[in-house]
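The values are calculated or read from the model by the stated rules, or taken from the named source; none is laboratory data. In this text the structure is predicted, and so the values were computed from the model without any measurement. Here the Cβ positions follow ideal geometry from the backbone for every residue, glycine too, while neighbour counts run over all protein chains shown. Ligands, DNA and RNA are excluded from the accessible area calculation, which covers all protein heavy atoms including side chains. Shrake-Rupley method; radii C 1.70, N 1.55, O 1.52, S 1.80 Å.
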Amino acid sequence: MELKSILNKIKNNEMDLEAAEAQIRCMGYVPVSDIAKIDIFRKHRTGIMEAILAEGKDPKDVVEIAKAQVAATGRVLITRLGKDHRMALESSFSPDDLEWGLHRTLAVVHDGTPAPITGGIVAIITAGTADIDVAEEARMVAHEMGCETIAIYDVGVAGFHRLVGEMLKLQENKPDSIVVAAGREGTLPTVVSSLMDVPVIGLPVSTGYGAGARGEAALLSMLQSCSVLSVVNIDGGFVAGSFAARIANTVARARNNQ
């Protein structure tokens, strides 16, 4: 239950102080059997919501954690899903309770509670199609943090004219921050940062082969960028999306207070 809901229940005499105190005390975290402690108050403390990393977890545990978090907050994002995780989710929740990312490597489980809307705008750009799964993680994180998202995929520098054709879309939508995902030599974030007057987050992706494979060349290229941008770790879609959303939400609050 959200803090505001508890306060409203007290105000409307629907909850006594003892029950409210018990609810607030458990808002720090919710234990799930002996396998997890969900930090459901994180979004109030830091602005970044708790999510479930499915990778490395037993599918049954992912389902149990998701059920507990949905009961506590209404929605939960699950990242890096494998086939067994997807099957477990589909057998445990109704289709109406699931929202899938592109390629179904991510999902949101909810009880009908809508995602928040903050007014922040985040653009997500990829150099290639192979970068989409990592970019989708950033996009869905930003969406769950209340931002409108703009996806522009497969516009890498190997065919620079593709990006030029999408620049009008960026300029019309006026994003507050931009995540640029790229593997190989990782050039695209530098190019986008040189063209746009908003913060750019470089997201190196572990695509490519040969020397500098597994995203290492992309990471070093972004760190050595001659234009100003921030860089997250290789395949760090969650961090990139969270950081971009934090920037966008701060801008949105300032815009609304003008």
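In table form, for the structure just shown:
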item	result
Sole residue being open to solvent by 60 Å² or more (accessible area, probe 1.4 Å), within 25 Å of residue 142 (Cβ to Cβ) and not polar (S, T, N, Q), chosen from 75, 86, 42	42
Filtered residue count, the range 192-208, keeping only those that are within 19 Å of residue 130 (Cα to Cα) and either open to solvent by 10 Å² or more (accessible area, probe 1.4 Å) or touching a Lys or Arg at 6+ places or on another chain (Cβ under 8 Å) (or both)	3
Only one of 10, 78, 6 that is free of Cβ contacts under 8 Å to residues at least 40 places away in the same chain, in contact with a Leu (Cβ under 8 Å, 6 or more places away or on another chain) and over 24 Å from residue 236 (Cα atoms)	10
Failed item in (1) outside the structural domain of residue 90 (by the TED database); (2) in contact with a helix residue (DSSP H, G or I) (Cβ under 8 Å, 6 or more places away or on another chain); (3) at pLDDT 85 or above, with residue 6 passing the rest	(3)
Of all residues making up the range 96-114, the number that are modelled with pLDDT under 95 and either open to solvent by less than 10 Å² (accessible area, probe 1.4 Å) or in contact with a strand residue (DSSP E or B) (Cβ under 7 Å, 6 or more places away or on another chain) (or both)	2
Among the candidates 121, 152, 117, residue that is open to solvent by less than 20 Å² (accessible area, probe 1.4 Å) and of a type outside the set (S, T, N, Q)	152
